1. Of the numbered conditions (1) buried (at least 17 other Cβ atoms within 10 Å of the Cβ); (2) touching a Phe, Trp or Tyr at 6+ places or on another chain (Cβ under 6 Å), residue 379 fails exactly one; give the number of that condition.
2. Search segment 39-71 for residues being basic (Lys, Arg) and within 23 Å of the chain's Cα centre (by Cα), and hand back the single one that is surrounded by the most Cβ atoms within 10 Å (Cβ to Cβ).
3. Considering only residues that are closer than 23 Å to residue 219 by Cβ and assigned to a loop (DSSP other than H, G, I, E, B), which ones fall in segment 32-52?
4. Considering each of 44, 87, 32 in turn, give the residue that is without any contact (Cβ under 8 Å) to a residue 60 or more places away in the chain and among the small types (Gly, Ala, Ser).
5. Only one of (1) buried (at least 18 other Cβ atoms within 10 Å of the Cβ); (2) closer than 15 Å to residue 206 by Cβ fails for residue 445. Which number is that?
6. Could you count how many residues in segment 209-223 are over 19 Å from residue 319 (Cα atoms) and among the hydrophobic types (A, V, I, L, M, F, W, C)?
7. Out of all the residues in segment 167-187, which are over 20 Å from residue 227 (Cα atoms) and of a type in the set (S, T, N, Q)?
8. For segment 309-334, how many residues meet the condition of being of a type in the set (Val, Ile, Thr) and in contact with a Leu (Cβ under 6 Å, 6 or more places away or on another chain)?
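The values are calculated or read from the model by the stated rules, or taken from the named source; none is laboratory data. Computed from a predicted structure; not experimentally measured. Here the Cβ positions follow ideal geometry from the backbone for every residue, glycine too, while neighbour counts run over all protein chains shown.
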Amino acid sequence: MMTSNSNDRLDRDTLIATFHSFKTPRKDWRVGGEFERAVVRPDGQPVGYDDPDGIRFILEQLAQRDGWDKVRENGQVIALSKINEVGGTATITLEPGGQIELSGAPHRSLAALEQEMHENRNALLAIAENHNLRWIAAGLTPIASMHDITWMPKGRYQVMRDYLPQYGDLALHMMKGTCSVQCNFDYRDEMDCAAKVRLCSGLSALTTAIFSNSPLSQNRPNGFKSFRGHIWTRTDPARCGFPPGLRDTYTHEKWVDYLLDVPMMFYCKDDIFLPAHGRSFRSFMEQGIDGHFPNATDWALHQTSVFPEVRIKHTIEVRGADCVNHNLALAFCAIFTGLLYCDTALDEGLSLVKDVERFGTHAERFDIACRDGLGGTVGGRTLGDWASDLGEIAERGLRACLPKDEHLLTPLLEQIESGRSPAQDLLDAWARDPSPESVIRAAAY
């Protein structure tokens, strides 16, 4: 990464104008999935980067098997990259505790996204088959302690592990132990972006309940269906949740101002990550740091250091789901495709959000979702009942925009109909046999 000289400094107006330029015609809308998975030993203990069959080995094997290009930092492989046949870029990256994330290329159909995800999953399972490795689908690693999970060799994580615990007592749990599912969507203009942000942020409690799957910590029930969701409330309030005032009245200008004022954790100079000690990007942009001023690469890097429920770039990144099995992970992408890419479903979803928001505050609803999953009650109705309404809206929306992909919603609709979050299945398995090996088998990816 390079910093700019004074002749090409960024300014607020240019940043706002750039967001206004992110206009994608409806005919070109695509969807991209992001899937984080953890790999552990059969007894749930962590896998290190330098283990003979560890994280570096897995990356090397993926590169060799499927033609990924290796990305290195200080000589260590820390990511993989590949361009698909239609020019889309997919990456495989490392989270701080060795969680491996596939950030897929953008696709015109969910079927193409499904194929990409299954190819990656099959490769991961094949690598694990002849080694002492198990891939799990859980929002939080269920057995290992955070102390036992080693750090990945990425410079930004060294800065983050010192910075974030000052602002959240569970920040290191977020970094080293959690896994999630995310999905990316296009928008036609600022107004369309605002409506989609309103819907996705308004649904965050319900999304958390539907996909809650992190009820165990160090092989004991932790009192939550989505402990991962709760962890985010105790990480760093300046960069998590959703910016005040933007949930109801999003504009690109307000979003840029939020990004400019979020305290910076780090910046990169000569390919070295350095602590920014909480200075704002606005200050970095206007005054520089030690004579260095940011360029577009620094701005892009800064945007990856905020973790709201919905993150806006040239696409809308919908966050907030625990890692779940591959069928439900695909259904996460499907439900939001139906909601966001059909105008009628978008309007109906916004009406549902208004109904839900009549009861309690967002923080109260989110806490209920984290603790009780679909069994939680809001406004005299279970979150399972609210989710059933949402599923029907999404099903109609997906049938209208991508009818050939409608079947991908079926596992989720069945989960909702059961009234049980995935977390309950894992808790039941633990109650039957709490041995670490049994729990890991129950959480298999």
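1. With respect to (1) buried (at least 17 other Cβ atoms within 10 Å of the Cβ); (2) touching a Phe, Trp or Tyr at 6+ places or on another chain (Cβ under 6 Å), residue 379 is out only on (1).
2. We begin by selecting, within segment 39-71, every residue basic (Lys, Arg); these are 41, 56, 65, 70.
Among the residues that remain, those that are also within 23 Å of the chain's Cα centre (by Cα) are: 56, 70.
Numbers: 56: 20, 70: 15.
Going through the qualifying residues, I end up with 56.
3. From segment 32-52, those closer than 23 Å to residue 219 by Cβ are 36-48, 51; that's our starting set.
Result: 41, 42, 43, 44, 45, 47, 48, 51.
4. Values: 44 fails: without any contact (Cβ under 8 Å) to a residue 60 or more places away in the chain; 32 fails: without any contact (Cβ under 8 Å) to a residue 60 or more places away in the chain.
Matching residue, one of 44, 87, 32: 87.
5. Residue 445 satisfies every listed condition except (2).
6. 1
7. Going through segment 167-187, the residues over 20 Å from residue 227 (Cα atoms) turn out to be 183-187.
Within segment 167-187, just 184 meets the criteria.
8. So the answer is 0.
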